[in-house]
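Quick note: the coordinates plus some simple rules give every number you see, no bench work behind them. Fair warning: this is a prediction, and the values are worked out from it, not measured in the lab. Ideal geometry is used to build each Cβ from the backbone, glycine not excepted, and the neighbour counts take in all protein chains shown.
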Amino acid sequence: MGKEAFCKTRVLIVEDQPDIIELLSIHLKHHDFDVVAALNGTEAQKVLDDALPDLILLDWMLPGGQDGIALARKWRSTPRTQHIPIIMLTARGEEVDKIKGLDMGVDDYVVKPFSPKELMARIRAVLRRRAPEQIADAVTMGDLTLDAAQLTVLFRQQKLSVVSTEFRLLHFLMKHPNVIWSRAALLDKVWGDHVFIEERTVDVHIKRLRQALGEAGSYIETVRGAGYRFSLTPQT
């Protein structure tokens, strides 16, 4: 019994409405997930301090002075928690709100009310994006080195902070240098072909990746009307 519980994927629900927590918990447990819940940011931080979950379902609107965006920003800037996948749950469905959430580091965005079936598909898709943790290779292009086993990125021997989805995106582009990839192709190759997100999401993650890479961000080239590619000698 103990071994079975240990092997389950652990999901932290951060939500201030008990009825939603109950609904989510029922569906997650039905699909053999281990569930822990927090009603606000303070409780959530205590959970994280005790043991890290495999994924966080995070409500945008929370009491106590820390909303979901603030918590996402905090956890993405903390080395211990920056690689945990985060799915934002919110009633805010405008595109500008989705972009804001993605800019703060969340991996996906689900608008309330949502179907449990769609949410489970998104959870499994986000968890599949953790594949870099299971890849043991390293790739070097010029002064840039990505070590998938150690989850590290070095530029001129200086460690860069590249988290979660951006890490997987960089890994894929570096493994296929000088190849132009459309947004749709990158969604299939990096996110998986069962992910229900818009192609514009790729633009957001490319922007964040370039920012994380600093000077090396110039290696990620935009090919107008076609997509993106990794090149050590971008075309002008």
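Backbone geometry of the range 143-150 corresponds, through the Karplus equation with coefficients 6.51, -1.76 and 1.60 at θ = phi - 60°, to 3J(HN,Hα) couplings of 8, 10, 10, 10, 10, 5, 5, 9 Hz, x marking Gly and Pro. What the phi angles of the range 155-167 give under the Karplus curve with 6.51, -1.76 and 1.60, with θ = phi - 60°, is a coupling list of 10, 6, 6, 9, 6, 10, 9, 10, 10, 6, 4, 4, 5 Hz, glycine and proline written as x. Using Cβ point charges alone (K and R +1, D and E -1), the dipole size of the range 132-230 about the Cα centre works out to roughly 240 debye. Pairs from the table (Lys112/Lys159; Lys175/Lys207; Lys29/Lys74) lying more than 31 angstrom apart at Cα are Lys112/Lys159.
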